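See structure below.
Where a number appears in this text, it was derived from the coordinates with a stated rule and is not lab data. Remember, predicted model here, so these are calculated numbers, not experimental data. Because the Cβ atoms are built from the backbone with ideal geometry, glycine has one as well, and the counts that use them run over all protein chains shown.
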Amino acid sequence: MHQYMKAIGFNLKNRKQLKEVLKKVENHFTNKTIISYQPGEDFCEYKKEFGARIGVTLSGGLDGEEKFDQDFYFPYFTGGGITTYSEVIIERRIEKEQYVGVCEDPSVGISLIFFLQNGIEFMKEKFLGTPMTSNTSVTFSGLALSGKILFPVQKNELQMRSEKQASENRKMLINAARNGDQMAIETLTLDDIDIYSTVSRRLANEDVFSIVDTYFMPYGVECDLYAILGEILKVRVVENILTKEKLYQLKLEINELQFEVCVPVKEVMGEPAVGRRFKGNIWLQGHINF
């Protein structure tokens, strides 16, 4: 069964319990979408909400007799607002009609790979021939199984202004380096060496989380799993209406990217509050705003 069902409040013990949940999705769905994607067979998607912006998506084929054949399912958490405007590349997974997206945001400095929540919309837009533009907007969200709350790093106004200016300069250098600017590439390399040297020196007497304010980096072998540390901008507690499990929905800012993460209340160490930081591992999901 899907590991991240727990992140939206389902503590399933066996396949029988899983089948009961999926049966509810199929028989009492919130939304149902059908598209024709090959002769004699349609692709069908059932979505059922089990709380505020959380739910399960069930997808599969419909034959000529309207019989549903389950292919896959996944838990989802719908984020709010827009996380980034950037060029997005969408690729289909090898074994099923699932999609992953890749986008590069200068704020993070790495290619972000995410699981596409609205894959059926992408299939429809692809069939209609809608092009993906260079300023496509994407809304990220994350599902976490657990997490820790950390205190913020204390900074004065001068330090905050200095960091913001350094971030703007780095984004300009990254954009220039992507366009082949050799001087920008060399400058970024020297900056990385300086940062490594500074951090190594400070680690002798300081804790790493007092040096590193936020981070966003790949985790494990799955391409859409990330280890994150971000500042909490908003805290919301919701409930899974079926299991009555309490969940935190935290709005975070990480390297100037803002998105939301859903995590079970009982799996979080510490008390989340605005200004504090959340540390955890997430399954990154994204919704393309066509």
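Using a simple spin-label model with pseudo-atoms 7 Å out from Cα toward Cβ, residue 20 and residue 271 lie 3.6 nm apart. Paramagnetic label reach from residue 153 (point 7 Å along Cα→Cβ; backbone nitrogen cut-off under 13 Å): within the stretch 208-234, residues 208-216, 229-231.
Decide, for the chain, between rounded, prolate and oblate: order the square roots of the alpha carbon gyration tensor eigenvalues as a ≥ b ≥ c, take rounded if a/c falls under 1.5, and otherwise choose prolate if a/b is larger than b/c, else oblate. It is oblate, given that a/c is not under 1.5 and a/b is not larger than b/c. Computed over neighbours whose Cβ is under 13 Å from that of residue 19, the net charge equals +3, Lys and Arg +1, Asp and Glu -1.
Near the amide H of residue 234, within less than 5 Å, lie the amide hydrogens of 251, all on another chain or at least 5 residues away, with H placed in the peptide plane. Note on 188, 242: ascending count of other Cβ atoms within 10 Å places them as 242, 188, the fewest first. Normalised by the number of residues in the chain, the average gap of Cα pairs under 8 Å and 6 or more apart makes the relative contact order 23 percent. Counting neighbouring Cβ atoms within 10 Å and putting the fewest first, the residues 153, 208 line up as 208, 153. Rg and Dmax, both from the Cα atoms of the stretch 178-290 and both in Å, are 17.8, 57.
The angle separating the long axis of helix 15-27 from the principal Cα axis of greatest extent in the chain is about 70 degrees.
For the stretch 88-126, backbone nitrogen atoms closer than 18 Å to the point 7 Å from residue 227 Cα along Cα-to-C-beta are found at 109-113. In a DSSP loop and with at most 13 other Cβ atoms within 10 Å, the trypsin sites (Lys or Arg not before Pro) in the stretch 70-163 are 93, 96, 155.
The smallest convex shape that holds all Cα atoms of the stretch 156-211, its convex hull, gives 85 Å³ per residue. A Förster radius of 51 Å combined with the Cβ-Cβ distance from residue 12 to residue 206 puts the calculated FRET efficiency at roughly 0.75.
Relative contact order of the stretch 247-290, taken over Cα pairs closer than 8 Å and 6 or more residues apart, is 28 percent. Net charge dipole, the chain: roughly 1180 debye, given to the nearest 20, about the Cα centre with Cβ charges of +1 for Lys and Arg and -1 for Asp and Glu. Candidate cross-link partners of residue 19 among the aspartates and glutamates, defined by an alpha-carbon separation under 18 Å and a same-chain spacing of 8 or more, comprise 45, 49, 69, 71. Think of each Lys and Arg Cβ as +1 and each Asp and Glu Cβ as -1; about the Cα centre, that makes the dipole of the stretch 156-211 roughly 100 debye. Across all directions, the average projected area of the convex hull around the alpha carbons of the stretch 58-209 is 14.0 nm². Label-to-label distance, residue 72 versus residue 28, with points set 7 angstrom from Cα along the beta-carbon direction: 2.7 nm. Bridgeable aspartates and glutamates around residue 148 (alpha carbons under 19 Å apart, same-chain partners fewer than 8 residues away excluded): 207, 213, 231, 245, 253, 260, 267, 271. Can you tell me the 0 to 90 degree angle between the C-alpha axis of helix 182-202 and the longest principal axis of the chain, rounded to 10? Taking the Cα atoms of the chain, the angle to 182-202 is about 80 degrees. Using the rule -39500 (n - 2.57) for each DSSP H run of four or more residues, divided by the residues of the chain, the 222 nm mean residue ellipticity is -8000 deg cm²/dmol. Peptide packing for 223-235, 262-274 was compared via the average number of neighbouring C-beta atoms within 10 Å per residue; ordered from the highest value, the list is 223-235, 262-274. So what's the angle, to the nearest 10 degrees on a 0 to 90 scale, between helix 119-128 and the longest Cα principal axis of the chain? The angle comes out near 80 degrees. Only Cα pairs under 8 Å and 6+ residues apart enter the sum, and on that basis the relative contact order of the stretch 189-258 stands at 22 percent. Taken over the stretch 1-81, the percentage of Cα pairs per 10 Å bin, counting from 0 up to the bin with the maximum distance, is 18, 48, 27, 7, 0.
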